[in-house]
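Colleague: Let me give you the structure first, and then I'll get to my questions.
The values are calculated or read from the model by the stated rules, or taken from the named source; none is laboratory data. This one's a predicted model, so the numbers in the text were calculated from it and none came from an experiment. Cβ placement follows ideal geometry from the backbone for every residue including glycine, while neighbour counts extend to all protein chains displayed. The area values use the complete protein model at the heavy-atom level, side chains included, leaving out ligands, DNA and RNA. Shrake-Rupley method; radii C 1.70, N 1.55, O 1.52, S 1.80 Å.
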Amino acid sequence: MSSTPVQDAMADMSLEESNPTRSASFRESDADITFKSSDNVLFGIHRKNLQTSTGVFPPAEFSPDGEVVPLSEDAETLEILFQFVYPRRHPTLLETPFLILAKVSEAAEKYQVFGAMNICNIRMEQALPRFPVEVLNYAAKHGYPNLVEAAVPCLLDMPMEIVVQKLSDSLVVPW
């Protein structure tokens with residue numbers, strides 16, 4: 001009996017989930033926490049680096065005991081984000097496309113990866129002329145009043161219906 005395309009896809013997904021790939025950059029054998037991206041890539045990270053460079057990742061008393069900690073971000077986002085938790089030169093994000101920058105910025109804020117938060121804020125400000133509504137949403141959500149203030153003039157030349165469509169609900173009424 002032959003299977004349907006849906007059954008084949010489900011089998012492929014199940015096989016993929018049981019056989020995750022490892023990040024080429026974060027695969028140290030002595031890493032004591034393993035995170036899994038939403039697209040099934042494993043990242044081995046050292047707890048001490050998380051403790052010194054982030055505010056939200058698992059505290060010292062957290063012990064996954066060999067378990068894999070699933071995260072909602074994709075591998076591309078985590079590959080960039082985790083570079084900020086190690087004591088080395090951090091990525092500048094200068095050539096990073098805006099959609100990726102936006103995902104990394106959200107993850108940096110979510111997990112309070114302090115080095116990444118700073119550079120993402122700078123890069124979001126530089127993206128303001130091309131992505132004013134998106135930058136305004138980011139700035140308002142994460143408490144960057146100077147960036148909110150800088151974004152408003154960029155929106156004045158845009159049609160109101162486009163701005164309102166793209167603004168987060170919490171900003172529509174004040175706008």
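Colleague: So which GluC sites (Glu not before Pro) in segment 85-175 pass both tests, a DSSP loop state and at most 16 other Cβ atoms within 10 Å of the Cβ?
Modeller: In loop regions of segment 85-175 (DSSP not H, G, I, E or B), the sparsely surrounded GluC sites (Glu not before Pro) are GLU95.
Colleague: When ligands, DNA and RNA are left out and all protein chains stay put, how many square angstrom of accessible area per residue does segment 66-175 have with a 1.4 Å probe?
Modeller: On a per-residue basis, segment 66-175 sits at 56 Å².
Colleague: Which value in nm describes the separation of the simple spin-label points at ILE162 and THR52, placed 7 Å from the Cα toward the beta carbon?
Modeller: Here the answer is 4.7 nm between the modelled labels.
Colleague: Find how much the distance from GLU28 to ARG88 grows on full extension, using 0.36 nm per residue of separation minus their present alpha carbon separation; answer in nm with one decimal.
Modeller: On the way: separation 60, 0.36 × 60 = 21.60 nm, distance 1.57 nm.
My answer for the length gained is 20.0 nm.
Colleague: Still on this structure, please answer the following. Just round it to a whole percent: the fraction of Cα-Cα distances in segment 93-134 exceeding 17 Å.
Modeller: The proportion of pairs with Cα distances above 17 Å equals 21 percent.
Colleague: What do you get for trypsin sites (Lys or Arg not before Pro) in segment 103-175 restricted to DSSP loop and a cutoff of at most 15 other Cβ within 10 Å of the site's Cβ?
Modeller: Taking segment 103-175 and a limit of 15 other Cβ atoms within 10 Å, the loop trypsin sites (Lys or Arg not before Pro) found are ARG130.
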